[in-house]
Amino acid sequence: MLGRLVWPVAILAIGIGSILAFRLPPMQFAQDIGTQAFAPLQWSLAGPVQTVSDVLSTIQNVGELRAENARLREEVDQLVGESARAQELERENQELREQLGFKRENPSLEWLSAQVIYSDPSNLVQSVTINVGNRDGVKQGMTVVTPRGLAGRIVQVSQNTSRVLLITDASSSVAAVIQDSRARGVISGQRRELLTMKYIPQSETIRTGERVVTSGAGGVFPEGILIGRIADVTRKDVDMFQEAQVEPEVDFARLDRVLVVTNHLPLNLD
């Protein structure tokens, strides 16, 4: 029974094969059969190949991003450095403009520019050390100013440095005059923000905001250097003198550069 079925099936297969062989070119026929036969294998291999390609592409992208980050970081560092230099140049220009203004207001004074290199952290003595000394022609008793006003005077000199006693120190005293009223007194420090102007006659009328300058009395400081402005007045009828609180023109908390007046020496030192 099985033998009878084999022959009809074989004859049918040969017939179909003959028809396909007749209708398709030989190579095309073989290619189609090969494609159908190996299609599952191609699909199974294509997945891993595509995965490897994606990984290589990702590695390349990571490398490019790292290079880009390094370049951007260098540019940022360069810009930060340029910004810092620009700020320093602007600060120096501002200092030069202030010095020019001070020179115009005080044409008779000559000075030497100096850098503050040390401040007493204990605040027991209001003083600073500057980077000029004997070798630069600095002498004890010379007046120290900033373009804004009076800072103090030299009290100690070495070869390369000098110590400046600031007018905010309690032992400091400056003969002063109020510009508008011409009332005279003595400025002393209090180890705090405000100065005290003592020995002002009761007969004098003092107003807040008036400018206080050096009077030149005693020859310790040159005349006419700005000290500060009247902030408050204390007056008691029973006292012989009245006192005033003076806000200094110099910002002592930010004292960085000073000017040592070189063409004025005190007539006497206390």
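Remarks
- Hydrodynamic radius of segment 181-249 by the Kirkwood approach over all distinct alpha-carbon pairs: 12.2 Å.
- Environment charge of Gln202, counting only residues whose C-beta is closer than 12 Å and scoring Lys/Arg +1, Asp/Glu -1: -2
- Proximal lysines relative to Lys103, as straight alpha-carbon distance under 22 Å, when same-chain residues fewer than 8 apart are discounted: Lys139
- Peptide ranges 127-135, 223-231 listed from the most packed, as the mean C-beta count within 10 angstrom indicates: 223-231, 127-135
- Other residues with beta-carbon under 14 Å from the beta-carbon of Phe102 carry, at +1 per Lys or Arg and -1 per Asp or Glu, a net charge of 0.
- Rg(Cα)/(2.2 N^0.38 Å) for segment 77-189, N = residue count: 1.28
- Other residues with beta-carbon under 10 Å from the beta-carbon of Ser127 carry, at +1 per Lys or Arg and -1 per Asp or Glu, a net charge of -1.
- Positive-end residue, segment 160-245 charge dipole about Cα centroid, Cβ charges, pick of Ser162, Ser173, Gly185: Ser162
- In order along segment 91-98, the phi-based Karplus estimate (6.51 cos²θ - 1.76 cosθ + 1.60, θ = phi - 60°) of 3J(HN,Hα) comes to 5, 5, 4, 5, 4, 5, 5, 5 Hz; Gly and Pro are listed as x.
Every read-out reported here was derived from the displayed coordinates using simple, explicitly stated rules and does not represent laboratory data. Predicted, not measured: the structure shown is a model, and the values here were computed from it. Quick reminder, even Gly has a Cβ in these numbers, built from the backbone with ideal geometry, and neighbours come from all protein chains shown.
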